[in-house]
Structures are given as structure tokens and as C-alpha cells.
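Here's the structure we're looking at; comments come further down.
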Amino acid sequence: GRQQKVSFFSVESSERVLSAEVLPANTFSNYLERRGGIPTSLTVILLDGLNTRWEDQAYARNQIIKFLEQVRPEDRVAIYALGRELRVLHDFSNSTASLLRVLARHKGQHAAELEASEPEEPDTGIAELDEFLREANQLISDFYTRRRAERTLGAFEAIANHLARLPGRKNLIWVSGSFPIAINLDNPNPRADRRTFSREMERAARALGGANMAIYPVDARGLVGLYQLDPAFSPASSVRSGPAREAAARRASQTHWSSLGTMQDLAELTGGRAFYNTNDIQGSIRRAISDTRVTYVLSYYPRHEKWDGRFRQIKVVVKRKGVEARHRRGYFAFPDEPLGKKEREAIVRAAAWSPLEATGLRMSVRLPEAGPGGPVNTRPLKFEILIPPGDVTLAPKEGEWAGTLDMAFVQATADGRNLGSRGQSIRIAMPAHDYARAQQHGLALSGELDL
């Protein structure tokens with residue numbers, strides 16, 4: 001409710017493209033900005049097979065193909081898929097042929113967990129038996145709904161962490177049937193699992209906000225018909241009339257509107273826009289990408305001094321008439337508190353096994369030069385890790401600059417099977433002159449690893 005002084009303002013255009021940087025031999029890096037050909041505004045299309053019926057996946061895929069056939073030279077689009085795991089189908093490109101080839105091979109997946117989340121209403125004709133089956137089905141449904149929500153929001157975090165270091169605005173176009181924002185809030189059964197997914201959504205929104213990424217949910221169901229809200233209209237349904245039909249229709253309607261609420265909330269939290277009740281999925285994607293043409297960055301220093309975890313609303317007002325400012329709805333005012341050991345281990349473990357490279361902490365790893373025999377194959381393997389200036393924050397303590405790095409070394413097969421891992425915490429303490437040098441040239445750590 002108070003006007004804030006704008007401390008920083010800039011204009012960013014998707015026309016500016018980052019140039020590539022060639023790495024020395026035997027040096028590997030997670031710097032996305034070094035790979036070249038990436039503009040300062042990016043769009044990820046996430047095909048959600050976890051929360052979308054098979055027939056809706058097929059329709060949405062055809063709509064995306066129509067969009068890709070008209071990709072413009074300035075567009076940079078990546079295609080990811082969410083199912084049992086998150087996969088990169090194609091990294092950023094403006095090549096219509098290449099993107100279409102990848103999408104042609106992607107046939108979607110059978111949404112088994114979604115089906116398990118939506119059990120049929122029992123209709124045995126015996127009230128006691130129906131009630132018993134209904135309660136058993138609800139327990140199964142709650143389990144799969146909870147798992148879908150957690151996996152989806154975890155995927156959003158992984159994508160945000162992957163693209164965090166790239167400058168400019170990013171769009172995540174989430175083509176999905178969505179998941180409900182809450183379950184069982186009006187269920188009178190005392191054994192029902194009543195809960196919302198607000199805490200998980202807050203965590204995902206923080207990661208997305210930190211990466212300057214907005215979610216644009218696109219409802220893969222298109223224009224929703226009666227058969228989706230009332231099972232009696234579905235030719236495949238065995239529920240025709242009576243209390244069973246009413247209960248099934250009520251549950252389908254609640255799930256539908258709750259899932260739209262999830263889309264709307266995620267869009268508003270991150271500064272995107274939700275598209276639903278339309279069959280124009282292709283046009284929705286184009287409108288979402290158009291938002292990245294020109295973006296403005298405004299920064300300010302909050303004066304409230306209340307870092308209590310509460311949501312602080314942001315409102316951007318422009319004087320020009322007929323203009324809508326699309327921006328993040330606000331932020332969670334969490335203090336910078338140190339994480340506990342278990343929380344840190346969970347973060348490292350998630351980063352190690354995520355299908356996407358985390359880029360929040362930039363690293364280059366240099367291995368020994370290959371000898372006459374060809375590739376490096378030494379036992380143990382010696383390495384040097386280089387972290388650029390400013391990525392690791394150290395604090396002054398007793399005349400030195402000190403901090404701790406949690407590290408994990410994971411060895412895996414090409415198909416992702418774990419061959420072994422080792423975790424360790426590295427305590428860093430630097431005298432002032434070494435710290436000044438690290439501020440200029442970065443931080444170097446060396447070690448060796450048994451293969």
C-alpha cells in the first residue's frame with residue numbers, strides 16, 4: 001500500500017542473443033550462457049502427461065505442431081515432457097524441422113496416475129458396500145493426487161533452477177489438465193486427508209520468481225463439455241442416474257474448478273496468464289510467447305524490515321491508458337536463515353538426480369589432459385573445480401573470510417543407474433589477501449575421485 005522508489009530500470013528485448021564461448025579441452029561446465037544462440041527471453045513448452053488424459057494429450061500435441069510450423073526466426077523454444085520423470089525433448093531452438101521431428105517421436109503417455117486419482121463412483125445398489133468402496137477409493141485417489149501435485153511442482157522448481165542463471169524473462173508454457181489446489185476440504189469423513197498444496201506452490205513460486213520465470217498454464221482439455229463434468233454424459237460411463245451420478249458429477253465439477261484455480265494462482269503468483277475454456281491452444285501459446293518480445297525490469301529495496309515469511313503484495317501501475325502491466329503478484333518475505341543439514345542434503349540430492357542441470361551455482365570442472373592413449377582414464381581421477389567470483393558468499397570471522405560448501409560426487413551409468421556417491425562438507429577459511437584474489441579470479445578447489 002506504499003509507493004516504493006524504483007532503484008533500477010531496464011528494457012530487455014528477445015532480439016539480443018548470447019554468443020557462444022569455447023571451453024578448453026577436458027573442461028566441462030554448467031554455464032548455459034556459454035552455449036550461444038540463446039536470447040535473453042526464452043520459452044519452455046512443458047507437455048504434461050502426468051496430469052492430462054490421453055485424448056487431451058493428443059489434441060494438445062496436434063495444436064503445438066501447428067504452432068511449431070509457424071515458429072518465427074526470433075523465437076527460441078524448448079520442449080520438455082513431464083510423466084513419471086521430467087525429460088528434455090529438445091533444447092532451445094528456432095528450427096521448425098528439428099522441433100517437429102522431436103515432437104513427432106513423442107507420443108505422450110498413458111495417464112495411469114491421473115486415472116487412479118479419479119476413481120469411478122461405486123454403484124452396487126447396496127448403500128453400506130458403496131460407502132466402504134467410496135472410502136477405499138478416496139484413500140487411493142488422495143495418494144495419487146498428492147503425488148501428482150508434488151511431482152509437478154518439483155518439476156517447476158527443477159526447470160527454474162536449470163534456467164536461473166540466464167538473463168532476462170523466461171516463460172514456462174504448461175500444457176496440462178492440471179491438478180486440484182486442495183483435496184477433501186469439504187469432506188465430512190474424519191479419516192479423509194484434508195489438505196491444500198499451498199506450501200508446495202509457495203516453494204515453487206519462490207524458485208520461479210528467483211529465476212525470473214512466469215508460468216502460462218494452457219488447459220489441454222480445451223473447451224470443457226458436459227461429459228467431463230457429469231459422468232452420465234460420457235458414453236463410457238456405467239453411472240446413469242441416482243445418488244451415484246450426483247456424487248460423481250459433484251466430484252468431477254469440484255476437481256475441474258479446483259484445477260482451474262491452480263492454473264490461475266500459479267499464473268498470478270509468477271506474472272503469467274492462464275488460458276482455459278478455449279480450443280485455440282495454438283493461439284494461446286503464441287500470445288504467451290509474444291509477452292517476451294519486450295520486457296521491463298524494475299527493482300526496489302523493501303523498507304518494511306519484516307522478514308517474517310508473509311506474502312508481500314506488489315502492484316505496478318502505469319499511467320498510459322489501455323495498458324495492462326503483467327507482473328509477479330508479490331513475494332514471500334523469508335529471512336536469509338541458514339538451512340539445516342537435512343535440508344541441505346535434500347537440496348544436493350535433488351540437484352544430483354534432476355534430469356536438468358542446476359545452474360544457480362556456476363562451475364567449471366577441469367580434468368587432466370588426455371595422454372597418448374586417448375581419453376582420460378586415471379585411477380583415481382584428479383580434478384579441479386572453478387567457481388566464478390561472486391557465486392559463493394563468505395562471511396568475515398575472526399580476521400578471515402569463512403563459509404561451508406556442501407558437495408556431492410555422483411557416478412552413474414549412461415542410463416542413470418547409480419554406481420556410487422560421496423558427499424562431503426568443505427570448510428573454507430581465507431585470509432584477506434586470498435579472499436581478495438578469489439573475488440577477482442574465482443574460487444578453485446582440487447581433489448581426486450576413485451572411479
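Observations
- Charge dipole (the stretch 77-199, unit charges on Cβ, about Cα centre) - positive-most of A136, A164, H110: A164
- Phi-derived couplings, Karplus 6.51 cos²θ - 1.76 cosθ + 1.60 at θ = phi - 60°, listed residue by residue for the stretch 306-315: 10, 8, 10, x, 6, 7, 9, 7, 10, 10 Hz, with x used for Gly and Pro.
- ³J(HN,Hα) computed for each position of the stretch 292-303 - Karplus, 6.51 cos²θ - 1.76 cosθ + 1.60, integer Hz, glycine/proline x: 8, 3, 9, 10, 10, 10, 10, 10, 8, 9, x, 9
- Charged-residue dipole, Cβ positions (Lys, Arg, Asp, Glu), the stretch 307-412 about Cα centre, Debye nearest 20: 900 debye
- Span per principal axis, largest first, for the Cα atoms of the stretch 329-451 (Å): 51, 40, 27
- Heavy-atom surface analysis with a 1.4 Å probe gives the stretch 287-329 a carbon and sulfur content of 50 percent of its accessible area.
- Per residue, the convex hull spanned by the alpha carbons of the stretch 89-195 comes to 134 Å³.
- Peptides 78-86, 410-418, 209-217 ordered by average Cβ neighbours within 10 Å, highest first: 209-217, 78-86, 410-418
- For the stretch 56-69, backbone phi angles converted through the Karplus equation (6.51, -1.76, 1.60; θ = phi - 60°) give residue-by-residue couplings of 6, 4, 5, 5, 5, 4, 5, 5, 5, 4, 4, 5, 5, 5 Hz, Gly and Pro being listed as x.
- Positive-end ranking of A351, H441, M407 along the dipole of the stretch 308-451, with charges on Cβ about the Cα centre, is headed by A351.
The values are calculated or read from the model by the stated rules, or taken from the named source; none is laboratory data. As the structure is a prediction and not an experimental result, all values here were calculated from the model. Here Cβ is always computed from backbone atoms with ideal geometry, including for glycine, and neighbour counts include all displayed protein chains. With ligands, DNA and RNA removed, areas are computed over all heavy atoms of the protein, side chains included. Shrake-Rupley method; radii C 1.70, N 1.55, O 1.52, S 1.80 Å.
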